Amino acid sequence: MGNAERYAKADRDILAAMEKPGRAYLAGLAFTATLTVIGGILWIYQIRNGLGVAGYTHPVNWAIYITNFVFWVGIAHSGTLISAVLYLFRARYRTSFNRAAEAMTVFALMVAGLFPLIHLGRSWVFYYLLPYPNQRQLWVNFRSPLIWDVFAVGTYFTVSLVFFYVGMIPDFAIARRCKEGIRKRFYQVLSLGWKGTEREWRHYGMLYLFLAAFATPLVASVHSVVSWDFAMSVVPGWHTTIFAPYFVAGAIFSGTAMVITLVIPLRKAMNLHEYITDDHFESIAKIMLFTSLIVSYAYIVEFGLAWYGGNVFETGAFRYRALGDFRYLTWAMIFCNSLVPLSLFVKRLRRNTTCLLVVSLLVNVGMWLERFVIIVASLAHDYDPYVWGTYSPTYVEVGISLGSFGMFFTLYLLFVKNLPVLSITEIKEHL
Amino acid sequence: MTAFLEKKGVLAVLLAAAGALMAFVSLRPFPGNGGSLLLAFLFFIGVVEGCIAAAAAGATVNARWVGSVRKELLSVTPLLLVASFLLLLLIPFVDSYPWAGRPGIWLRKDFFIGRNLAFLLLAYVTARRFAAAPADGGGTKVRAAWYLLVFVVSQSLTAFDLVMSLEYPWVSALLGGYFFIEALYGGFAVSALLYLLLHGRPPAGNAPGTRSDLSDLSILMFGFSLMWAGLFFAQFLTIWYGNIPEEVGFIARRVSASPLRELCVAVLFLLFFIPFPALLATRAKSNPYVVSAAALSILSGILVERYVFLAPVVRFSPGALAIDFACLLVLFVAVVYKARVFR
């Protein structure tokens, strides 16, 4: 087969994923959309009735909503990181995952951004978080890590969206050529008149490299800022210097797991075995294993130093984490994040997509539990025994959380039918 | 020098002589001798373990630049035995740690020395196994991964035990990670210097031993300068912001008076503000002068930083410090030179 035929086949195969959806797809979309609607209705219910419908009780006033925020920001962070870092390292297997990872980043950030608003209760006063000019010279507290979050996540969302969009421009031009009717016009607008001249490619390459180089440290800095929401306070179990790199590694870990969770069914459903191979999965599984080891190191150091330092509050917080009300969640977290990924040391399991899917799902669960345990267990058991308490979520919180998953997967399902799921031009480079 | 090193057993004699001299200096009951040995040990162990870790990290990801300096980087493996010996020389000094003499499980003198020694010896064994494997052999990556695992634990223990416990109950969970990343950073700096010493001004091109390899090493140093800055910021911002007396004292003792305050600033410059802008431009990454200046800056930064960590709580003797560093430098140069000549 000549080059021209191979390229045409790649166009056909990848764009075929955007053809008329089947029943399974529509059923999946209906299910995720229903979850989203239920989540939305529950949020409206919470706005009407106040935060009392959530399970917040003193001293646990940060719970599932903040857990979801950190979880989705974590998922979002590794998307661009996987794409950008692998681009800078010229890793060939990147082409199988980069588009899915970038889309995941944008959608996860959209979901994550809702949770601070949901957590506010009075969501309409969200603009208090923004340093807008005002007549009374009232400024936000720039020394608060929560404000750093606004800037960090806002910047990251902008850069990720641009990175995602710029990477798709040449593919939009291909879709424009291959599609008809209203879809052709849709891709015509999105492709910005791309002709594929040498000059355009040169500028595109420079911009893409610049965005990748800019996004990489940005990712690390943004998740560091998210970790400082906790580490800057003096709550036992939160105030620790390792939080920034630990959260960054955790974000890459959970994001890698989510990419695997998304791409394995995608490959099967869209019949993309030729472009997303077992070798590619093996490579990304190694990243998941590596980040699992970093996260496990952080667990050991956290627990070890709490014991080493001998501070009664710190020791008490970690003892409560391991043996208190949330002990099952803590041990489940360690099982999912530290023990299960060790199976990936076996090459055969790294190449087995069923095994990889199971591991990645467990890692997703484990990383959600990790955030929950850090946030809730630390607040429930801080300095003064008089104010110790516990927490259990209400159906409103559970419903809104499930709605967030529904929203994420709805957006993802819409993405796979409307935008090229793989980078066609980059795949052609390696054919 | 080549003929001298070619003789059988010369290296062993050199190692023994250097060890004996350092033992003689360190065991004399003058104040500051133990502190000087600790500083030399901390710098030396970081550089030696970092060199091997750089080669191991390169091997695990099939980095092309490793081929140019692999043998020289791995030639420092026997120096891990010297480091183990130095640790034994530090036994009398352990009595000056603030926790010494108190009951405890983790901070107990015999266990303290025992675990650090065990991991140094384990690092030696795993490094030897890695060095013995052929560069492109099947089991090389597995051996490299094992070494890296031991390296992380060994450097973390060095940080938590030998440095952090000097100011017990001061605690920083990041210090272990900070130390092993810094050691790796130093390892890349040594790799760049060795590369330049071996290849001089490399020719342009993509073959092994060309400017492309030097550029890859520069990119690694550049990336690690950013990572180091991130860890530095994450560690000290959290402590400063928390403002808990038993934590923030660590920073206050170092920034409230000269000359430590100036040295703290120097650390920032040597490890970030010099290498980062110097290696920012594409052309600079393959310029031997810029790369060697950046590498020397990084190694000096690590040395100054280790001094800053110890200075408020440890006394130094300039004479002992000079002898310890001279001995270690001679040994380092001898093993690398021998590996280079008999390549």
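Filtering A:LEU88, A:LEU15, A:LEU81, A:LEU35 for residues that are touching a helix residue (DSSP H, G or I) at 6+ places or on another chain (Cβ under 7 Å) and surrounded by fewer than 18 Cβ atoms within 10 Å (Cβ to Cβ) leaves a single hit, A:LEU88. Before we move on, is A:ALA251 more than 30 Å from B:ALA281 (Cβ to Cβ), modelled with pLDDT under 95 and assigned to a helix (DSSP H, G or I)? Answer is yes for this residue. Which residue is surrounded by the fewest Cβ atoms within 10 Å (Cβ to Cβ), if the candidates are limited to the stretch A:231-242 and must be of a type in the set (A, V, I, L, M, F, W, C) and within 7 Å of chain B (Cβ to nearest Cβ)? Looking at the filtered set, the residue picked out is A:VAL234. As a summary of the residue check, B:ALA173 satisfies the conditions (1) among the aliphatic types (A, V, I, L, M); (2) open to solvent by less than 30 Å² (accessible area, probe 1.4 Å); (3) away from chain A (no Cβ under 13 Å); (4) part of a loop (DSSP other than H, G, I, E, B) except for the one numbered (3).
Residues in the stretch A:264-283 that are within 14 Å of another protein chain (Cβ to nearest Cβ) and of a type outside the set (D, E, K, R): A:SER283 only. Do the conditions hold for A:ILE400, that is, is it over 17 Å from A:ALA16 (Cβ atoms), touching a helix residue (DSSP H, G or I) at 6+ places or on another chain (Cβ under 9 Å) and in contact (Cβ under 8 Å) with a residue 60 or more places away in the chain? Answer is yes for this residue. Consider the stretch A:1-38 and keep the residues that are among the β-branched types (Val, Ile, Thr) and at pLDDT 95 or above. The one that is nearest to A:SER423 (Cα to Cα) is A:THR32.
Within the stretch B:121-150, being within 12 Å of chain A (Cβ to nearest Cβ) and aromatic (Phe, Trp, Tyr) holds for one residue alone: B:TRP146.
Within the stretch B:90-118, how many residues turn out to be in contact (Cβ under 8 Å) with a residue 12 or more places away in the chain and either among the basic types (Lys, Arg) or closer than 16 Å to B:SER154 by Cα (or both)? Looking only at that region, the number is 6. Filtering A:THR394, A:THR354, A:THR390 for residues that are surrounded by fewer than 18 Cβ atoms within 10 Å (Cβ to Cβ) and touching a Gly at 6+ places or on another chain (Cβ under 8 Å) leaves a single hit, A:THR394.
Scanning the stretch A:212-230 for residues that are more than 27 Å from A:VAL166 (Cα to Cα) and in contact (Cβ under 8 Å) with a residue 24 or more places away in the chain, we see that the one that is nearest to the other protein chains (Cβ to nearest Cβ) is A:TRP228.
Can you name the residue in the stretch B:153-162 that is aliphatic (A, V, I, L, M) and surrounded by 22 or more Cβ atoms within 10 Å (Cβ to Cβ) and is also nearest to the other protein chains (Cβ to nearest Cβ) among such residues? Of everything passing the filter in the stretch B:153-162, B:ALA159 is nearest to the other protein chains (Cβ to nearest Cβ).
Condition first: over 20 Å from A:ILE66 (Cβ atoms) and assigned to a loop (DSSP other than H, G, I, E, B). Now tell me which residues in the stretch A:384-422 satisfy that. Within the stretch A:384-422, A:ASP384, A:LEU419, A:PRO420, A:VAL421, A:LEU422 meet the criteria.
Test A:VAL111 against the criterion of being out of contact with any Cys (no Cβ under 7 Å at 6 or more places or on another chain) and surrounded by 19 or more Cβ atoms within 10 Å (Cβ to Cβ), and give yes or no. Criteria met by A:VAL111.
Selection of the stretch A:114-157 for residues being in a helix (DSSP H, G or I), open to solvent by 30 Å² or more (accessible area, probe 1.4 Å) and among the polar types (S, T, N, Q) yields only A:THR155. Within the stretch B:253-275, the set of residues being at pLDDT below 95 and surrounded by 14 or more Cβ atoms within 10 Å (Cβ to Cβ) comprises B:ARG253, B:ARG254, B:VAL255, B:LEU260.
Listed here are the residues, each with its yes/no results for (1) within 17 Å of B:GLY19 (Cβ to Cβ); (2) among the basic types (Lys, Arg).
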residue	(1), (2)
B:VAL61	no, no
B:ARG64	no, yes
B:VAL69	no, no
B:LEU79	yes, no
B:LEU86	yes, no
B:ALA100	no, no
B:TRP106	no, no
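Between B:ALA57, B:ALA83, B:ALA53, B:ALA118, which is within 14 Å of chain A (Cβ to nearest Cβ), open to solvent by less than 60 Å² (accessible area, probe 1.4 Å) and either in a loop (DSSP other than H, G, I, E, B) or within 22 Å of B:VAL150 (Cβ to Cβ) (or both)? Matching residue, one of B:ALA57, B:ALA83, B:ALA53, B:ALA118: B:ALA57. Screening B:LEU166, B:LEU226, B:LEU197 for residues that are away from chain A (no Cβ under 14 Å) and surrounded by fewer than 20 Cβ atoms within 10 Å (Cβ to Cβ) leaves exactly one candidate, B:LEU197. Among the conditions (1) touching an Asp or Glu at 6+ places or on another chain (Cβ under 6 Å); (2) closer than 30 Å to A:ALA285 by Cα, A:GLY366 misses just one, which is (1).
Pairs linking a residue in the stretch B:227-241 that is within 15 Å of B:PHE273 (Cβ to Cβ) to a residue that is of a type in the set (D, E, K, R), with Cβ atoms under 8 Å and 6 or more positions apart or on different chains, are B:TRP228/B:GLU182. Would you be able to say whether some residue in the stretch A:187-199 is surrounded by fewer than 18 Cβ atoms within 10 Å (Cβ to Cβ), within 14 Å of chain B (Cβ to nearest Cβ), of a type in the set (A, V, I, L, M, F, W, C) and assigned to a loop (DSSP other than H, G, I, E, B)? No: zero hits. Within the stretch A:271-289, the set of residues being out of contact with any Lys or Arg (no Cβ under 8 Å at 6 or more places or on another chain), surrounded by 18 or more Cβ atoms within 10 Å (Cβ to Cβ) and under 24 Å from A:ARG12 (Cβ atoms) comprises A:LEU272, A:TYR275, A:HIS280. Residues in the stretch B:160-175 that are farther than 15 Å from B:ILE244 by Cβ, without any contact (Cβ under 8 Å) to a residue 24 or more places away in the chain and not aromatic (Phe, Trp, Tyr): B:MET164 alone.
The values are calculated or read from the model by the stated rules, or taken from the named source; none is laboratory data. Here the structure is a predicted model, which is why all the values come from computation and not from measurement. Neighbour counts are summed over all protein chains in view; Cβ atoms, including those assigned to glycine, are modelled from backbone coordinates with ideal geometry. To get the accessible areas, we keep the full protein, side chains included, count just its heavy atoms, and leave off ligands, DNA and RNA. Shrake-Rupley method; radii C 1.70, N 1.55, O 1.52, S 1.80 Å.
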